[in-house]
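Shown next, in structure tokens, is the structure this report addresses.
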2 protein chains.
Amino acid sequence: MYRTHTCGELRIENLGEKVTLSGWIQTIRNLGGMTFVALRDRYGITQLVFDENTPEQIKNQVEELGREFVIKIIGNVVERSSKNPKMPTGDVEIIAEHLTVLSKSEIPPFTIENETDGGDEIRMKYRYLDLRRNPVRENLELRHRMGQEIRKYLDGEKFMEIETPYLIKSTPEGARDFIVPSRMNPGEFYALPQSPQTFKQLLMVSGFDKYFQIVKCFRDEDLRADRQPEFTQIDCEMSFVDQEDVLNTFEGLAKYLFLEVKGAKFEESFPRITYDDAMNYYGSDKPDLRFGMKFSEITEIAQGKGFKVFDSVEYIGGIVANGCAEYSRKKVDELTAFVQKPQVGAKGLVYVKYNQDGTFKSSVDKFFSPDNLKSWADFMNAKPGDLLLILAGNKNDTQNALNVLRLEMGDRLGLRDKNKFAPCWVVDFPLLEWVDEEKRFFAKHHPFTSPKTEDIALFDSDPAKMHANAYDFVINGVEIGGGSIRIFNAELQQKMFNALGISTEEAEEKFGFLLDAFRFGAPPHGGIAFGFDRWCSVFGGSESIRDYIAFPKNNSGRDVMIDSPSVVDEKQLKELTLKVIK
Amino acid sequence: MYRTHTCGELRIENLGEKVTLSGWIQTIRNLGGMTFVALRDRYGITQLVFDENTPEQIKNQVEELGREFVIKIIGNVVERSSKNPKMPTGDVEIIAEHLTVLSKSEIPPFTIENETDGGDEIRMKYRYLDLRRNPVRENLELRHRMGQEIRKYLDGEKFMEIETPYLIKSTPEGARDFIVPSRMNPGEFYALPQSPQTFKQLLMVSGFDKYFQIVKCFRDEDLRADRQPEFTQIDCEMSFVDQEDVLNTFEGLAKYLFLEVKGAKFEESFPRITYDDAMNYYGSDKPDLRFGMKFSEITEIAQGKGFKVFDSVEYIGGIVANGCAEYSRKKVDELTAFVQKPQVGAKGLVYVKYNQDGTFKSSVDKFFSPDNLKSWADFMNAKPGDLLLILAGNKNDTQNALNVLRLEMGDRLGLRDKNKFAPCWVVDFPLLEWVDEEKRFFAKHHPFTSPKTEDIALFDSDPAKMHANAYDFVINGVEIGGGSIRIFNAELQQKMFNALGISTEEAEEKFGFLLDAFRFGAPPHGGIAFGFDRWCSVFGGSESIRDYIAFPKNNSGRDVMIDSPSVVDEKQLKELTLKVIK
């Protein structure tokens, strides 16, 4: 037997017991006549002590020990003379009678501590050692807890978890598929699912009524810091529902998770913001509502005063940074440089300091009187002591830049506390999105997304104006999930395909089996899919989903630990009737 | 709003309520002045009634309805004059005030009934319609319940569910991998996991202590009825355990599932049978213990009596079919023909009828006296009225044939009731298996499986005799899972590789990252993996795992519903630097 207790379990109540523990050596401290060894496992750390009474043989063994050795110890639980109140086991220590080295360890390439000296690359290569560190393990514990609680909640709401296939069909719509050659069907390929979208809709046609799945999805996209070629989705679909039913159901899930996992209780309904308002007030369809600093558009009141930069533009808008009127020249210059960075893209920044004494100081004093500036300040709900930051230009770009500036100011003012949570729904997304390069509309969400009933007439007159029964779930400025009510009527579907420039033949080829299914009695249905990795990272307070994935890939899609992808045998390719072209 | 209640919900207590229901039309019965419509959803069926009081407009609508139409109805709950005690909603029916057709349906290609007229092929093509049938839906409900309960149990036992990657590295050992070309790393490939074996061992090295995952696995094998290219495993691993700990933990899981899912309570420990005993008594490493009929070997007492067929063979053994002494000549001939089928492979069958009056009648009366036959009967624990069925030949083939005969007799005697469950553990598997074609040993379970400590010395003298700390979990003759205690010591691992004829370089190339990991303090560990599809099918009483998979593939690995695999664009292949060779 390797243990009677874990390393996180012993308490003062266990005094005098003979116990067996196994674990890794976290530290060895040799204080002259006494040696203290911290023995670690997933559950905690227990102190072992070796002193002048320790048998010679064990003393010799202890001298050979090193960090990360795996040992088994049999000994007695005694009270510590100097207790450590920070450790759950800190009242006791073990006097060893017997020690077995189960596995030796070479010196790890980085320290296995909460704060490590290892860089990203080496920690990825030795991911199995990085996973030994508390913060990394805790991330995966959070993920485990989330997964179990999500299932408990949805099961309680009568959702059925149904596995959909991984070897499916490649569809040329959307992102790039990973494909899988079929040996049994030479020259043919499966594709790995980008999402189980069509299958969950088929399950609704099958009458499953409420479906969910926590499922891996795959996208062969060029990777960014927050993208992985394989990621996990909480995929859900319901029948006989409208948008309100879906939002209420999953707001229930989110509140349950906030409470069970984060101990955060939300009594009120989550705010619902239309897409148009989100863009106008926050310049983003995923607004961070942990703080205000809404945009005010002052185009009307700021134009016509002779300031050319303003007079020629589509949009003038700004935000109010409370209490920042005292900002030094240097700080304001920093902000100007910030908004002028290519990735923000503003031409310049206009500031107005609303001083505590009621006077104004701005970068456009030449063009605007104090009364003018006062009228801006009033319109923007600024108070003495506040700083107005104003950008001008075409509407889209300027709102985008203001969004970045707002988030930057939120950071500078400490308004983006990762332990505070501000969830919201963004609703009424546009149905279609014009893509200039392709000279056609694309579905903003999905070609099966239902337009708002009242907008259907616009298909013929002004499709760009149409809104959809589509919604996103956002926490702290991060899109956690998105979904829609689906079209389940063949005529409406045809109108949608027309708008997307998809011919009947093309639709049949791409989505034939789903259209077929709709001919046999499709229920009204809708759903949502959440990014599980991302939800975990937001709950954990991290910006990177990688921290919440046991074995992530790097930005080239490589797993540097197992050295994958890799070349395969010619023989294997031949069986698949494939050849690599150099 | 589409519904106030589901179609399985209304009871006599709801009399007089105005309700809204939505669902599919199961049947329409027109009885002159009255029309009864059975409205179905996942939860049940509710009867709608239309009679002379029904408004004309609704009557006209009802005439247009057909099977599988999706409708919404608003109406009043009334008491049925002729109640149906077989239906939970059988006390009530709905008088409709308002009817909306939500979706029409074409006539389905087969009837959506418990017993359908559709053949396998058409039901696979229209799987979404087949899934509407109660027995198919109930299979997936069972699977859902199993999944939730497995997680609940393992979470309660402190197992952590950790997702391992799907895009991993191809290893030439074992079955064929499905491979996935990497666009970002031209000419290189990922492989889909045949199991997360190496990753779960890495997680043990990481100190996760108890891991599980319900996870898809992939094998590119030629398919049989009970094989799918993608299948689901309940994958588990534990640290600081020996075989006894693993068996006890997962016997706990199995007992919990038996109780929660099947209502079957097992007080006693599951039988544990050594591999050798299983082969000697049942001719199978997955014995069906719902019935006895153990093999008796009578080689010694049956040889040397002048019957050449017996005298020249390695093995003579038989089974006792209780109460079958009355079998007619025809029945015995049938059994003889059965064992002579090529897939059973016996040369002939010797029978001995132990008549009620204590006399004997056998096919070998010429060679054996009644006393001889009596000695067999006594040795085999037969009673008057029993039939002895005896095969002879080389040991392996004969035991295999006896196994098939035993199962056949079990079927004929009704001893294999699918509602009775006989679980067992098969333990002490051989470590190695000699493969003649390759002229080398292969690991019976896995190259990391630990031999029995007492057998380690045999590495140098007689490796074929070594036994492993490996075990299978079997229910009703079906292998539900298997696992082992792993090697975690580099020297022992080297001995194992030597025995398998794997050089140090080869081991490094194939398993390098795992061997690397073992250099940094590996804990003793072991685990098990269960076939989730198969466990569901055994609990559900079916022989086919397909019935428990929402969207299975056929024997050519095709999904005939979505028509996959399929050809892909040349452009897509070019991006992957691939060419199909005709």
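Hey, what did the stretch A:369-491 get for relative contact order, percent, Cα under 8 Å, at least 6 apart? Present the calculation step by step, with values, prior to reporting the outcome.
Values: 134 pairs, mean separation 25.7, N = 123.
21 percent.
According to the square roots a ≥ b ≥ c of the eigenvalues of the Cα gyration tensor, what is the shape class of the stretch B:337-446, taking rounded for a/c under 1.5, prolate for a/b larger than b/c otherwise, and oblate for the remainder?
On the way: a/c = 2.31, a/b = 1.65, b/c = 1.41.
Cα axes put the stretch B:337-446 in the prolate bin.
By count of other Cβ within 10 Å, fewest leading, how are B:Ser461, B:Ser269 ordered? Each step should come with its number before you reach the end.
Values: B:Ser461 8, B:Ser269 11.
In increasing order of surrounding Cβ atoms, one gets B:Ser461, B:Ser269.
Hey, if you put +1 on the Cβ of every Lys and Arg and -1 on every Asp and Glu Cβ in chain A, which of A:Pro552, A:Leu202, A:Ala325 ends up farthest toward the positive end of that dipole?
Farthest along the dipole direction, towards plus: A:Ala325.
What is the magnitude of the charge dipole of chain A about its Cα centre, with +1 placed on the Cβ of each Lys and Arg, -1 on the Cβ of each Asp and Glu, and no other charges, expressed in debye to the nearest 20?
Numbers: 75 positive and 91 negative charges, 228 e Å.
So the dipole magnitude of chain A works out to roughly 1100 debye.
If a/c stays under 1.5 just call it rounded; otherwise compare a/b with b/c (prolate if a/b is bigger, oblate if not). Do that for chain B, with a ≥ b ≥ c from the square roots of the Cα gyration tensor eigenvalues. Write down the numbers at each step before the final one.
Numbers: a/c = 2.19, a/b = 1.34, b/c = 1.63.
Oblate is the answer for chain B, as a/c is 1.5 or above yet b/c matches or exceeds a/b.
Run the dipole for the protein assembly as shown about the Cα centre, Lys and Arg Cβ at +1, Asp and Glu Cβ at -1, nothing else charged, and hand back the magnitude in debye, nearest 20. Don't skip to the end; give the middle numbers.
Details: 150 positive and 182 negative charges, 21 e Å.
The dipole of the protein assembly as shown has a size of about 100 debye.
Counting other beta carbons within 10 Å of each Cβ, put B:Arg143, B:Arg412 in order, fewest first.
On the way: B:Arg143 26, B:Arg412 16.
Least crowded to most crowded, the residues run B:Arg412, B:Arg143.
Run the label-point distances for A:Asn394 please: 7 Å along Cα to Cβ, every other copy, nanometres, shortest first.
8.2
Would you work out if the protein assembly as shown is rounded, prolate or oblate? Take a ≥ b ≥ c from the square roots of the eigenvalues of the alpha-carbon gyration tensor; rounded if a/c is under 1.5, else prolate when a/b is larger than b/c, oblate otherwise.
Verdict is oblate for the protein assembly as shown.
Cα to Cα, under 15 Å, and not fewer than 8 places away if on the same chain: which aspartates and glutamates meet these conditions relative to B:Lys439?
Answer for B:Lys439, where 15 Å is the Cα cut-off: none of the aspartates and glutamates qualify.
Give me the percent relative contact order of chain B, please, defined on Cα pairs under 8 angstrom at least 6 residues apart. Show your work: numbers first, answer last.
Details: 1073 pairs, mean separation 74.0, N = 582.
This gives 13 percent for chain B.
Please report, for B:Glu157, the nm distances (one decimal) from its label point, 7 Å out from Cα along the beta-carbon direction, to the equivalent points in the remaining copies, shortest first.
Distances between equivalent label points, in nm: 3.0.
Under 27 Å between alpha carbons, and skipping anything fewer than 8 positions from A:Lys444 in its own chain: which lysines qualify?
By straight Cα distance, A:Lys444 reaches A:Lys169, A:Lys200, A:Lys210, A:Lys216, A:Lys286, A:Lys294, A:Lys395, A:Lys452, A:Lys465, A:Lys495, A:Lys510, B:Lys571.
What value in Å³ per residue do you get for the convex hull of the alpha-carbon atoms in the stretch B:353-416?
Values: hull volume 6.4 nm³, N = 64.
Dividing the Cα hull volume of the stretch B:353-416 by its residues yields 101 Å³.
Fewest first, what order do B:Thr4, A:Thr89 take by the number of other Cβ atoms within 10 Å? Don't jump to the answer; show the numbers that get you there.
Values: B:Thr4 15, A:Thr89 25.
Sorted ascending by nearby Cβ count, the order is B:Thr4, A:Thr89.
Filter the GluC sites (Glu not before Pro) in the stretch A:265-313 down to the DSSP loop ones having no more than 12 other Cβ atoms within 10 Å, then list what survives.
Working: sites: A:Glu267, A:Glu268, A:Glu297, A:Glu300; in loops: A:Glu267, A:Glu268.
Passing both the DSSP loop test and the Cβ count: A:Glu267, A:Glu268.
Which helices pass in chain A if a helix is a full DSSP H run, must span at least 18 angstrom along its long axis by Cα, and must have mean Kyte-Doolittle hydropathy not below -1.0?
Long hydrophobic helices here: A:243-262.
If you average the sequence gap of Cα pairs under 8 Å that are 6 or more apart and divide by the length of the stretch A:67-195, what percent do you get for the contact order? Walk me through the intermediate numbers first.
Details: 135 pairs, mean separation 18.8, N = 129.
It rounds to 15 percent for the stretch A:67-195.
What FRET efficiency, computed as 1/(1 + (r/R0)^6) with R0 = 35 Å and r the Cβ-Cβ distance, is obtained for A:Ile58 and A:Glu543, rounded to the nearest 0.05?
Details: r = 47 Å, r/R0 = 1.35.
Once rounded, the FRET efficiency stands at 0.15.
Over all directions, average the projected area of the Cα convex hull of the stretch B:196-332 and note it in nm².
Working: hull surface 59.6 nm².
The number I arrive at for the stretch B:196-332 is 14.9 nm².
For the stretch B:1-103, just run the numbers: alpha carbon Rg, then divide by 2.2 N^0.38 Å, N being how many residues it has. Walk me through the numbers before you get to the answer.
On the way: Rg = 12.2 Å, N = 103, 2.2 N^0.38 = 12.8 Å.
Working it through for the stretch B:1-103, the quotient is 0.95.
Along Cα→Cβ at 7 Å, what distances in nm separate the B:Asp51 label point from those on the other copies, shortest first?
9.3
Nearest 20 debye, what's the magnitude of the dipole of the stretch A:513-582 about its Cα centre given +1 on Lys and Arg Cβ and -1 on Asp and Glu Cβ? Let's see the in-between values first.
Values: 9 positive and 9 negative charges, 51 e Å.
Computed about the Cα centre, the dipole is about 240 debye.
Values quoted throughout were computed directly from the atomic coordinates according to the rules given, and no laboratory measurement underlies them. Treat the numbers as computed from the prediction; the structure is a model and nothing was measured. Ideal geometry is used to build each Cβ from the backbone, glycine not excepted, and the neighbour counts take in all protein chains shown.
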